[in-house]
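Colleague: One structure, as structure tokens, below. Some questions next.
What follows draws every value from the coordinates through simple rules; no lab data is involved. Note that the structure is predicted; figures quoted are calculated from it, not measured. Note that we place each Cβ from the backbone using ideal geometry, even for glycine, and neighbour counts take in every protein chain shown.
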Amino acid sequence: MARDVSDSTPIGSRDELVGWLESGCRPANDWRLGTEHEKIPFHVADHSPVPYDHLAGIRALLDGLAARTGWAPIMEGDHPIGLYSEDGGAISLEPGGQFELSGAPLATLHDTAAELDAHLADAKAVAEPLGVRFLTLGMSPLWSRAETPVMPKQRYDIMRRYMPKVGSLGLDMMLRTSTVQVNLDFGSEADMVRKLRVSLALQPVATALFANSPFTDGKPNGLLSMRSHIWTDTDGDRTGMLAFAFEDGMGFQRYVDYALDVPMYFVKRGETYIDVAGASFRDFLDGKLPALPGETASLADWANHLSTIFPEVRLKRFLEMRGADVGDRDMIVALSAFWTGLLYDSAALDAAWQLVKGWTAEQRQQLRDDVPARGFEARVGGRSMRELAADVLALAEQGLARRARVNAAGADERIWLAPLQAIVEEGRSNAARLLARYHGEWRGSVLPAFEECVF
């Protein structure tokens, strides 16, 4: 998440909410991809987490990056809480200090890789003199929830108070997990629905391929993707597989109706976040929000509300793929390659739909529930996840080949799928590899991760 939206245009009707989503439709020639990734910082000297206010803390990292890159600070009071560039990129802070790059909308995966390399070079140049590095894991492997610092952001204070009321693992999601996402465009309502359905059904494939969070509190947690499992007990009102998206009549209006029924977290007025956790956006539309009597919602309120909904695929004026643990540099680009190949080529998208269209809502949900622990051993429709992943990866490769976007060396975007192809061929996720090392040369310790699983 980058900056909160500040469009104060008042909302006159529910139809305007539908129209706001529909305004994201754009012709295929204008489709872009935006890669986001989080990474967990730590102090090299003692493997401790990085607090905000510290000589070698998060604020120092932000100040250093602002000086190096020229990006402008995003302020909350007198605290810098992020940076942004004129091209649409941003750096923001997740609740536990996870550093997030929200990449600019770019034309090719080669552009995404170049953007990522520049960011990692900047982050390394600023962090290393401070004695700070960043983990390439989907969950902090050592620190307890209580040991994890909290960032000074009002919206996170509201969420921290509300989360324990609606799930047992929401605070772990906020403070201890780290993900990689890609944001992708759609051309029409029908195109949005098709992409949403395929990506929802196949999100567990991404979870299995990118599983990279097998350690919690200094030991194996019994899962391959603890990050993914955490989302199953965070807040049922705003998470999940969106079974309604596969029903007849799905479109922007149906998603608006869903989003209107997701309880709110906050309303932002000026620099102040007003706690309305649990309140109804429908009441807000009607001027009946108890915390703001007589005041009605703006487009900024709607956009900010949509940013507090966390299904496996999220609809805004683009689609966000949300099922993957973060990994190293190559895995970050691979996530974008996987979904770009599937969703930006009509033949690949059609073939992917043929793979999943016969699954029931119960099968989709069971697959999603099984994958965090079973990974490639999970099954659906009589097939293993490994078999399914191989087929889906082949479709993504074909889609990227037909896109034919080449770099300066003449290589097309298929090169960015290489780490995923290696995982499928071996039949082991990065999490499985790390567990083997934990029980082998790491000798039952997660501390080697702070040397080997770093950017």
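Colleague: Given a Förster distance of 45 angstrom, what is the FRET efficiency for Arg433 paired with Asp248, based on the Cβ-Cβ distance and rounded to 0.05?
Modeller: 0.55
Colleague: Report the full-extension gain for the segment Arg374 to Lys165: residue separation times 0.36 nm, less the Cα-Cα distance, to one decimal in nm.
Modeller: Going from the current span to full extension adds 72.3 nm.
Colleague: Please state the shape class of the range 14-444: rounded when a/c is under 1.5, otherwise prolate if a/b exceeds b/c and oblate if not, all from the C-alpha gyration tensor.
Modeller: rounded
Colleague: Just to confirm my numbers, what's the Cα centroid distance between the range 324-349 and the range 37-58 in Å?
Modeller: Here the answer is 29 Å between Cα centres.
Colleague: Of Pro95, Ile158, Val50, whose Cα points farthest to the positive end of the dipole of the range 43-171 (charges on the beta-carbon: +1 Lys, Arg; -1 Asp, Glu; origin at the Cα centre)?
Modeller: Towards the positive end, the residue furthest out is Ile158.
Colleague: Between Asp7 and Met75, how high is the FRET efficiency from 1/(1 + (r/R0)^6) when r is the Cβ-Cβ distance and R₀ = 25 Å? Nearest 0.05.
Modeller: 0.85
Colleague: Then there is this: Have a look at Phe210, Phe252, Ser298 and report the one farthest towards the positive end of the charge dipole of the chain, computed about the Cα centre with Cβ charges (Lys/Arg +1, Asp/Glu -1).
Modeller: Comparing the listed Cα positions along the dipole, Phe210 ranks first.
Colleague: What nm value, rounded to one decimal, do you get for the distance between Asp15 and Val150 when each label is placed 7 Å out toward the C-beta?
Modeller: 4.5
Colleague: Collect residues whose amide H, placed 1.01 Å from N in the peptide plane, falls under 5 Å from the amide H of Ile91; neighbours closer than 5 in sequence don't count.
Modeller: Correct list: Leu83, Tyr84, Ser102.
Colleague: Could you give the dipole magnitude of the range 304-356 about its Cα centre, charging the beta-carbon of Lys and Arg +1 and that of Asp and Glu -1, in debye to the nearest 20?
Modeller: Roughly 280 debye for the range 304-356.
Colleague: Given contacts defined as C-alpha pairs under 8 Å and at least six residues apart, what's the relative contact order of the range 254-337, whole-number percent?
Modeller: Result for the range 254-337 is 19 percent.
Colleague: Taking the Cα centroid of the range 92-116 and of the range 280-322, what is the distance between the two, rounded to the nearest whole Å?
Modeller: 24
Colleague: Another question about this same structure. So what are the ³J(HN,Hα) numbers for the range 251-259, from phi and the Karplus equation (6.51, -1.76, 1.60; θ = phi - 60°), rounded to whole Hz, Gly and Pro as x?
Modeller: Once rounded to whole Hz, the list reads x, 4, 4, 5, 5, 4, 4, 4, 5.
Colleague: What relative contact order, as a whole-number percentage, does the range 263-412 give when Cα pairs under 8 Å and 6 or more residues apart are counted?
Modeller: 15
Colleague: How large is ³J(HN,Hα) for each residue in the range 119-126, as worked out from phi by the Karplus curve 6.51 cos²θ - 1.76 cosθ + 1.60 (θ = phi - 60°), to whole Hz, x for Gly and Pro?
Modeller: 5, 5, 5, 5, 4, 5, 4, 7
Colleague: Report ³J(HN,Hα) in whole Hz for each residue of the range 369-386, in order, from the Karplus equation J = 6.51 cos²θ - 1.76 cosθ + 1.60 where θ = phi - 60°; Gly and Pro get x.
Modeller: 6, 7, 4, x, 9, 9, x, 5, 8, 4, 10, 8, x, x, 10, 7, 4, 4
Colleague: Where Lys and Arg each count +1 and Asp and Glu each count -1, what net charge lies around Ala347 among other residues with Cβ under 13 Å from its Cβ?
Modeller: 0
Colleague: Once label points are set 7 Å from the Cα along Cα→Cβ at both Arg329 and Ala404, what is their separation, rounded to one decimal in nm?
Modeller: If labels sit at Arg329 and Ala404, their model points lie 3.0 nm apart.
Colleague: Assigning unit charges at the beta carbon (Lys, Arg +1; Asp, Glu -1) and nothing else, what dipole magnitude in debye, to the nearest 20, does the range 184-239 show about its Cα centre?
Modeller: Roughly 200 debye, rounded to the nearest 20.
Colleague: Under a point spin-label approximation (7 Å from Cα along Cα-to-Cβ), what is the Trp442-Asp191 distance to one decimal in nm?
Modeller: In this crude label model, Trp442 to Asp191 measures out at 4.3 nm.
Colleague: With a cut-off of 8 Å between alpha carbons and a minimum separation of six or more residues, what is the relative contact order of the chain in percent?
Modeller: Result for the chain is 21 percent.
Colleague: Can you give me the P(r) profile for the range 347-455? Cα pairs, bins 10 angstrom wide beginning at 0, each as a whole percent.
Modeller: Reading the bins upward from 0: 12, 31, 31, 20, 5.
Colleague: Further question: Suppose only helical runs count, i.e. DSSP H with n ≥ 4. What mean residue ellipticity at 222 nm does that imply for the chain under -39500 (n - 2.57) per run, divided by all residues and rounded to the nearest 500 deg cm²/dmol?
Modeller: -12500 deg cm²/dmol
Colleague: Further question on the same structure: Under 30 Å between C-alpha atoms is the cut-off here; go through the chain and count lysine pairs that meet it, provided they're at least eight residues apart or on different chains.
Modeller: Pairs that pass both the separation and distance tests number 23.
Colleague: To the nearest 20 debye, what charge dipole does the range 14-444 have about its Cα centre, counting +1 at the Cβ of each Lys and Arg and -1 at the Cβ of each Asp and Glu?
Modeller: With Lys and Arg at +1 and Asp and Glu at -1, about 740 debye.
Colleague: Same structure again: Amide H to amide H, which residues 5 or more places from Thr136 or on other chains are under 5 Å from it, using H placed in the peptide plane?
Modeller: Val454, Phe455
Colleague: Okay, moving on. Sum up the charges of everything whose Cβ sits under 14 Å from the Cβ of Arg428, counting Lys and Arg as +1 and Asp and Glu as -1, but leave Arg428 out.
Modeller: With Lys, Arg at +1 and Asp, Glu at -1, the neighbours total +1.
Colleague: Shifting gears a bit: Quick one: which residues, 5 or more positions from Phe186 or on another chain, have an amide H under 5 Å from its amide H? H modelled 1.01 Å from N in the peptide plane, none for Pro or chain starts.
Modeller: The answer is Arg26.
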